Every structure is written in C-alpha cells, then in structure tokens.
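Structure first, commentary second.
The values are calculated or read from the model by the stated rules, or taken from the named source; none is laboratory data. Remember, predicted model here, so these are calculated numbers, not experimental data. Because the Cβ atoms are built from the backbone with ideal geometry, glycine has one as well, and the counts that use them run over all protein chains shown.
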Amino acid sequence: MAAANFSPCPAPRRRRSPGRAAHAAAVRNWLRGIGAPIVVQAARTDQPAPPLEELVAAGLRLTHTDASVARAMPIVLWRNRARLRFDELARAARQEGEGATLGLFLDLTSQLTNERDLAELARTLEDTRSPSRTFFFAGAADTAAGRELAEIRTPAAARRWRFLMNMPFESFETLFRKHSSPDGR
C-alpha cells in the first residue's frame, strides 16, 4: 500500500488533568440526560448543563477520545432534532473546532434515518481548504495496525469529511436501530 498523506489527529492524546476528566464526565452525564445511550459514572457537578447546542458541541469534541460517545452522537442529534437550533449548533461546533465533526455526524444521521434535511445541513459545514485526511480518534495513528484498520473500516460518510476511523458504519447502525423507537425518537 502506498504511503498516504495524513495530518495529525484533531484531538491529540495526552494525560488528562483532573479538571478535564471531571468536565468530560459531566459532559457524558449531560449527554445521557438528553438521550445518549452511554454508560456513565456517577459524577457530581455543581455546574448546570450548558445550552443544548453548546452541550452537543462539547460532546462532538469528546467523540475523538470516547468511542461510545461517537457511536451515540447520531442518536443524540436525532432525538433532539426538534429542539436544536442548527445555526447555533453550527456556530458552537465551529467555535470548538468541530465543524467537520458535526458535518460527519449529521451525514451519518441522515444515512441512518433517510432524512435528507440533515444531509443538507451537513453540506453547509463543508470546508474545501483541508484536503488531507485525519484520524478521527486520538491515538489511532500511533500503530501500524491502527492505521490499517482505520483505512479498511472507515464509513463512506467519514471519508467524505476526510476522517479515518476504525469504526464501520454497521457499528453506528446497530446502536441506532437498538435505541430508536417507532415514534421517531
């Protein structure tokens, strides 16, 4: 296989400070509160949950280091689609440096639900300035096996957003089908 041009992962792996770990735990808890089917540890926070759009943007940032949050993000977007102000969500995601990440998850959610409006929203986030591919998950490029598996298993939607990830579309689909109900939630 020829060498590919990869840029570093958008969320480099590093030791978490206690404050950062506590914030990540709070974000997970808040995401669970808005419908993310993730397991959370009991974490106490004196901070109220941020506005929905800011919470989802914080969750997008977390998807690079927590695969369970990544798998759950299409469910979060789908369950909250009527309440989300997508212009505010796009602004908050871009402010976090996660515009392409939001585009990816809107695309995946569109595929999972056949809801074309979500794909249209995703298109508004396209950025043609960055032609190089990046590894979606922090640390994925650290080993040859990680790089190879990401190359093989990346869903088409992730490739459109120039991400590589060792998580096939079926992984998102399985969780989505398990946690979506007939009433569209």
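Key figures
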| item | result |
| --- | --- |
| Near pairs, Cβ below 9 angstrom, 6+ apart or cross-chain, from the stretch 96-118 (surrounded by 21 or more Cβ atoms within 10 Å (Cβ to Cβ) and outside any helix (DSSP H, G or I)) to any residue that is at pLDDT 95 or above and of a type in the set (Lys, Arg) | GLU98/ARG61 |
| Filter result (free of Cβ contacts under 8 Å to residues at least 12 places away in the same chain and either of a type outside the set (A, V, I, L, M, F, W, C) or at positive phi (or both)) within the stretch 59-90 | ASP87 |
| Sole exception among (1) surrounded by fewer than 21 Cβ atoms within 10 Å (Cβ to Cβ); (2) hydrophobic (A, V, I, L, M, F, W, C); (3) modelled with pLDDT of 95 or more for ALA11, by number | (3) |
| Boolean, ASP87 is over 17 Å from the mean Cα position of the chain (by Cα), more than 20 Å from ALA156 (Cβ to Cβ) and not in a loop (DSSP other than H, G, I, E, B) | yes |
| Unmet requirement for ALA138, which otherwise passes all of (1) part of a loop (DSSP other than H, G, I, E, B); (2) closer than 15 Å to MET73 by Cα; (3) aliphatic (A, V, I, L, M) | (2) |
| Selection from the stretch 120-129 of residues that are in a helix (DSSP H, G or I) and closer than 12 Å to TRP161 by Cβ | ALA122, ARG123 |
